[in-house]
Amino acid sequence: MELILRGVAVYLFLLILFRILGKRSLSETTTFDFVLLLIIGEATQQALLGNDFSVTNALVLITVLMGVDIVFVKLKGRYKKLDRLLEGTPLILVDHGKPLVLRMKESHVDTEDILEAARLSHGLERLEQIKYAVLERDGQISIIPSA
Amino acid sequence: MKAGRIEKVKHSLELDEKLSSQLNDWKAQKIGALAIMVVIVLTALGLFGNGLLSAKKVERSGITLQYEKFLRQQKEMDMYWKLSSGQQPVFRIPIGYLANFKIGKIVPDGYETHLSDGYVTYTFNADQLTDAIVHFYLIPQQTGPINAVWIADTTRFQIKHFIYP
């Protein structure tokens, strides 16, 4: 039972923590973020496994975590509000070449991020060539070019 | 950020953009970021052990006790006792209290124990005591609040811990 509680508690804690950090925190993996994720991984391992490093414990824990994930996926599919709460909603950041500054500021996205996404996905050169830039739920920026 | 200040967009995309939900997200993120800072400060101050808020020092009848109020499960803690001359190095610890801990080490190790009236009594050989200092290194096994009264010589000490999981 303790193992299940540990698994659920750590899962929920990390879920809340990453929601607090915002969408961009997961998509922008800089060197610093990579180091941070490694350290979080190490700390989480200890919290999850405790002093029991047996294979059984690890396998049961993985099963518990998968189970929690399945439950959340089912619940998110059934309840739209929960889905929005856990995953957020997409957000338009550029409207017909015009950057929506307040939205960008609140989302911690700058023009450079949008131009980078535009270059990578469509080879665009300027902001005016973007019809819409959307910050997606997974933190990626999708670009719809002007016709 | 007030909802009225955020740019409204009329778009042709089939997009589930819900601005009210987004505003709540941003609000929650700000509160969450503040909460993280508060937790960091409180941790530095010792809310989770080893700090100003956690360190407790009690002096009574010439006996000094130092211990941590906030403990973490499986992390060893030190109950530090200093006795003045003339004090008998005898400690009576409730069995109920000890049931929450594993005894890591007791320093010095020249002592006798016996059980009576719900207490475990530790009697140290006064000749072996260095500066009349006794350490009980205990490892918390349970979680939650723990209240108990230790008796050192004849003086009662109310001890309160909170053990985090």
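Readers should treat all values here as calculations from the given coordinates under stated rules, not as data from a laboratory. Remember, it's a predicted structure, so these values are computed and weren't measured experimentally. Backbone-built Cβ (ideal geometry, glycine too); neighbour counts: all protein chains shown.
Along the axis of the charge dipole computed for the protein assembly as shown (Cβ charges of +1 for Lys and Arg, -1 for Asp and Glu, origin at the Cα centre), the listed residues B:PHE70, A:GLN140, A:THR89 are led at the positive end by A:THR89. Bridgeable aspartates and glutamates around A:LYS76 (alpha carbons under 13 Å apart, same-chain partners fewer than 8 residues away excluded): A:GLU87.
When the C-alpha to C-alpha distance is required to be over 29 Å, the pairs from B:LYS30/B:LYS160; A:LYS81/B:LYS30; A:LYS80/A:LYS105 that qualify are B:LYS30/B:LYS160.
Distance between the pseudo-spin-label points of A:VAL73 and A:HIS96 (7 Å out from Cα toward the beta carbon): 4.1 nm. The angle between the Cα long axis of helix B:19-45 and the main principal axis of chain B comes to about 20°, on a 0 to 90 degree scale. With a Förster radius of 22 Å, plug the Cβ-Cβ distance of A:ILE4 and A:GLN46 into 1/(1 + (r/R0)^6) and report the FRET value to the nearest 0.05. So the FRET efficiency works out to roughly 0.80. Taking the charge dipole of the protein assembly as shown about its Cα centre, with +1 at Lys and Arg Cβ atoms and -1 at Asp and Glu Cβ atoms, the residue from B:SER20, B:GLN88, A:THR63 reaching farthest to the positive side is B:SER20. In a simple Cβ point-charge model (Lys, Arg +1; Asp, Glu -1; nothing else charged), chain A has a dipole of about 680 debye relative to its Cα centre.
What number do you get for the range A:97-147 when its Cα radius of gyration is normalised by 2.2 N^0.38 Å, N = residues?
The range A:97-147 yields a ratio of 1.02.
In this rough spin-label picture, where each label sits 7 Å from Cα along the Cβ direction, the B:VAL120-A:ASN57 distance is 2.4 nm.
Residues B:ILE31, B:ILE139 in ascending order of nearby Cβ atoms (within 10 Å, fewest first): B:ILE31, B:ILE139.
Shown here is the pair-distance distribution of the protein assembly as shown: with all Cα-Cα distances grouped in 10 Å bins from zero up to the longest one, the shares run 5, 19, 21, 17, 14, 11, 8, 4, 1, 0 percent.
Suppose only helical runs count, i.e. DSSP H with n ≥ 4. What mean residue ellipticity at 222 nm does that imply for the protein assembly as shown under -39500 (n - 2.57) per run, divided by all residues and rounded to the nearest 500 deg cm²/dmol? That comes out to -13000 deg cm²/dmol. The HN-Hα couplings worked out from phi for the range A:43-52 by the Karplus form 6.51 cos²θ - 1.76 cosθ + 1.60 (θ = phi - 60°) are 5, 5, 4, 4, 5, 6, 8, x, 9, 9 Hz, whole numbers, x standing for Gly and Pro. I'd like the orientation of helix A:2-21 relative to chain A: the angle between its Cα long axis and the longest Cα principal axis, in ° from 0 to 90, rounded to 10. Helix A:2-21 sits roughly 20 degrees off the main axis of chain A. Summarising the label geometry, the points placed 7 Å from Cα in the beta-carbon direction at B:THR155 and B:SER12 lie 8.5 nm from one another. Share of pairwise Cα-Cα distances greater than 22 Å in the range A:1-113 is 50 percent (whole percent). According to the Cα-based calculation, Rg over Rh for the range B:55-164 is 0.93, with Rh computed by the Kirkwood formula.
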